[in-house]
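Structure record follows, encoded as structure tokens.
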Amino acid sequence: MPAKVITLTSGKGGVGKTTATANLAVALAAEKSKVVCIDGDIGLRNLDVILGLENRIVYDLVDVVEGRCRLKQAMIRDKKLPDLYLIPAAQTRDKNAISASDMMRVVKDLRSDFDFVLIDSPAGIERGFRNAIAAADRVLVVTNPEVSAVRDADRVIGILESEEKGPASLILNRLNPALVKSKDMLSPEDVLDLLAVELIGIVPEDENVVIASNRGAPVAYDAKSRAGQAFRNIAKRLKGETVPFLDLESQGSLWERIQRLAGRK
Amino acid sequence: MGFFDRLFGKKASADSAKERLQLVLIHDRTDLTPAELDSLRDDLIAAISRHVEIDAKAMQIGVEHDGRSQRLVADIPLKSARRKTRRSK
């Protein structure tokens, strides 16, 4: 089964790339897919703590690339989900420790054993980002409904197009429906109008995300959390299922507008 | 956005955000600063004026977008060719 290789990137830091990667990995693995996620942020690793696997790291991605261990030795199995693995980034090295061709070689070796390879890109548009997108079949751009995040997302989408990695799909993260309603936050419509890309998910702002990261158990495990539900829906869409977008306001108008935008009316 | 803001006709902050982004993204995508656009405009006027008389003051040039593709749009009014009246002495 040849894996689908999906990279999550954003341009701007702090928009929720790592959280999204961890949650999609959990949601996919909970639905019986075999998933491996790779932390592409060499020197600033975090996917391990979000997944709660920081105490199990022995080898990392740079050890694999430099031949100090076999690929299997750097793959950490999740505590709860037997089909979920993490390949952590090195913490004491920098992004120049690996190249795009190293990344492609690692991913090539993983393809035959998994359904999904998820790559968490570092912020920025430099080498770490280039490495992270090199092997991708599909790229998800994570953004927030804020001017700086949308601007950086646009820049990244432009680069993905010129590198022929497009068309990108958008995850609009940390949307606050109350602020959208009072016209103090860009709406999903506004963001899609500006960026002109396909939407794959809207994740509402949710305090459970913070609680989940404190505990090292991604919010996708939390059946009651709205953010968790949004991530589970994105995972289903990645598997090719058609899932309606969350009704963020429990009210018809916004919901219908989003459906219309997504072409699912 | 509060009641009084609306009462005094203050623009919603989300609308400001969208308008500002629209302008920023045009320049980010085309790598064309307003100054460069002005200089392009001057070059266009010079080139076209060699062939036909135009109304340079009324000329409009800007970048429009359709989805993710950008388009340079120029609106250049031509001056109507006035018949050269021979001046009689």
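What follows is calculated from the coordinates using simple rules that are stated; it is not laboratory data. Everything numeric here is computed off the predicted structure, so don't read it as measured data. Cβ: placed from backbone, ideal geometry, glycine included. Neighbour counts: every protein chain shown.
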Quiz item: Between A:Lys108 and A:Arg70, how many nm apart are label points set 7 Å from Cα along the C-beta direction?
Solution: 2.0 nm
Quiz item: Which residue, A:Leu199, A:Leu44, A:Leu24, tops the fluctuation ranking in a GNM of chain A built on C-alpha contacts under 10 Å?
Solution: A:Leu44
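Which length gain, in nm to one decimal place, applies between A:Lys32 and A:Lys79 when the Cα-Cα distance is subtracted from 0.36 nm times their residue separation? Before the final figure, lay out the partial values.
Working: separation 47, 0.36 × 47 = 16.92 nm, distance 1.53 nm.
Taking 0.36 nm per residue and subtracting the Cα distance, the gain is 15.4 nm.
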Quiz item: So for the pair B:Gln60, A:Arg215, with labels modelled 7 Å out along Cα→Cβ, what separation do we get in nm?
Solution: 5.8 nm
Quiz item: So what is the 222 nm mean residue ellipticity for chain A from helices alone, if each DSSP H run of at least 4 adds -39500 (n - 2.57) and you divide by all residues, rounding to the nearest 500 deg cm²/dmol?
Solution: -11500 deg cm²/dmol
